[in-house]
1. Could you tell me the accessible area of VAL431 in Å² (1.4 Å probe, neighbours in place), rounded to the nearest ten?
2. For LYS558, what accessible area in Å² do you get when you roll a 1.4 Å probe over the heavy atoms of the protein chains, rounding to the nearest 10?
3. With a 1.4 Å probe and every protein chain left in place, work out the accessible area per residue of the range 506-571 in Å², rounded to a whole number.
4. For a protection proxy built on the mean count of beta-carbon atoms within 10 angstrom, sort 268-281, 315-328, 517-530 highest first, please.
5. Give the aspartates and glutamates reachable from LYS80 as a straight Cα distance under 17 Å; neighbours fewer than 8 places away on the same chain don't count.
6. What does the charge count around LYS433 come to, taking other residues whose C-beta lies under 13 Å from its C-beta (Lys +1, Arg +1, Asp -1, Glu -1)?
7. Sort the range 236-327 into rounded, prolate or oblate with this rule: let a ≥ b ≥ c be the square roots of the eigenvalues of the Cα gyration tensor; rounded if a/c is under 1.5, and if a/c is not under 1.5, prolate when a/b is larger than b/c, oblate otherwise.
8. Cα-Cα over 31 Å: which of LYS224/LYS251; LYS553/LYS588; LYS57/LYS251; LYS169/LYS192; LYS176/LYS433?
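The values are calculated or read from the model by the stated rules, or taken from the named source; none is laboratory data. Worth saying up front: this structure is predicted, and the values here are computed from it rather than measured. Neighbour counts run over all protein chains shown; Cβ positions are idealised from the backbone, glycine included. Heavy atoms of the whole protein, side chains included, go into the accessibility calculation; ligands, DNA and RNA do not. Shrake-Rupley method; radii C 1.70, N 1.55, O 1.52, S 1.80 Å.
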Amino acid sequence: MKQHFNIRIPVTLLVVTFMVFSSGCKIFQKKPSTDTTTPQTQVEKNGELRDEIKDEKGYRNGMVVSAHPVASEVGVAILKKGGNAVDAAVAVQFALAVVYPNAGNLGGGGFLVYRSARGEVASLDFREKAPGEAFRDMYLDMHGEPIVDLSLRSQLASGVPGSVDGMVKAHQKYGKLSWKELLQPSVDLARKGFALTAMQAREINSRRESFLKYNPEGTVFTSKQNWSEGDNFLQPELAHTLELIRDQGRKGFYEGETADKIVAEMKSGNGIISLQDLKDYEAQWRKPVIGSYRGYKVISMPPPSSGGIALLQMLHSVEAFPLGRWGFQSDSTVQVMIEAERRVYADRAEHLGDPDFYQVPQNQLINLKYNAIRMSDMNFDQATPSAAIHAGSVGAVAESEETTHFSIVDKEGNAVSLTTTLNGSYGSQVVVKGAGFLLNNEMDDFSVKPGAPNMFGLIGGKANSIEPGKRMLSSMTPTILEKDGKLFMVVGTPGGSTIMTSVFQTILNVIDWNMGMQQAVDAPRFHHQWLPDHVDAEAASFTPELRSRLSQKGYNIKERGAIGRVDAILVSESGVLTGGADQRGDDKAVGY
Ligand code: GLY
């Protein structure tokens, strides 16, 4: 099929760049890195050596890494019962809806990337959809300006949830254990309760006012004034909804009692999700986006997530550079990564949207040469201003960072990488009355006003404008890597627009700097997304000296809190699994 590839590059630049690349990439060698910050400590890598060097605990039979220790335990219990990675993923998804309600969900959506032990790959899109009554300007006032918070809070902020149908479809295709067995642990957790972590208690307490604003009659979250670590958190209404799903499958959510409750909730506010929208929702199997990086095969999520394409673009943008030799956090490494990220996010804004509604030039965007050309005007002496990067008349989309990811490998070597979200922390803050689960505020991932600044001061493109039944663009990047035909890594993270850069950096940490999985996850992160033109950086990202040199070159660095929560699994050549559970949260790797 002919694709609209409207990325304009002067022919002379194409020719010159091709000559440059084919002659040994001299343009990149002209100005070597100062490389004063990072010693080269790594030796030739291979899986076994990595395990030994980093002294990370390995397991042979299976592993689950998720945002909550209880959910990881649920997943491993399913594996031990004889379930496969998809069975465990279904059980973990529902368990997270109970024990990690800020992002785990029934009322949201997500993406799953699968690789079987034999190398078969698949990806499942259970992203929310705009309701049938949605329209392009639904969040604009009479002057055509975005109404603050309308796409973020209240019933109108929600897309039609996809998680339950996604799990049904995943189980139908790959599941081994019975559906009921996979649902029962989450029913029990909701009915009998689980112990809140300190972080969770703090978060729920801090949102009390907001919960009461959008649920004036109260919810489980507001049933106690001050939650503390260790409090048993009971969710009887959610338990009942999970029982309906356990007993009736997708009908237990998209029809009957639960669907009626969702629509009643919509009608009690300004929401527009109808019974028909719910009945019509279907998760979609899609062809994963596949590319390579330094000989590793990268399998990731295609549109409507921008994640896989953006990840491959960033990897292809840096592949010509000797990052391994330059070293982690060296001047040149950091510059090349930032400049790659800047260019890729400019492309994202122009070219990415729901492929059922917009023709995404996927093959062109992930083309190695195309990305090399995009990098050919970078200058090691000076940052490229984002204003100078080709972006047409479009921009980036603001996204919340509250999402959650889990990675699973089973005994046979089947792997699941799954990222799921309500969008904002606790989504729209609206709990469906009588059903006990939160609704997403995913509609804010659309460009609420194409071609003009949105409520965050950013601009969005036509590719991601609101249309009935369309899926909003995502950044979620569940990813699986293989090496020489064998499973190598399962990786992903929450983090809104920082998702792709966090996955990108984690992969470089392992492949280019030979870090173990936990070390790669622990390593400090930074992020550039083209607009606004600054580098978000965790405190330890740059030494004061490196930071000062980068600033002198025009990089505007803004220190911020944690970026992402990567949960990943690395597989050695002999099949030993090591986990990386992000210490930025309560995340836990459980293996056996
Ligand atoms: N809601 C965040 C994302 O989908 O990227």
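1. Ignoring ligands and nucleic acids, VAL431 comes out at about 10 Å².
2. Ignoring ligands and nucleic acids, LYS558 comes out at about 100 Å².
3. With the other protein chains kept in place, the range 506-571 gives 31 Å² per residue.
4. My ranking of the peptides, most packed first, is 517-530, 315-328, 268-281.
5. Output for LYS80: GLU181, ASP410, GLU412.
6. So the surrounding residues net to -3.
7. prolate
8. LYS224/LYS251; LYS553/LYS588; LYS57/LYS251; LYS176/LYS433
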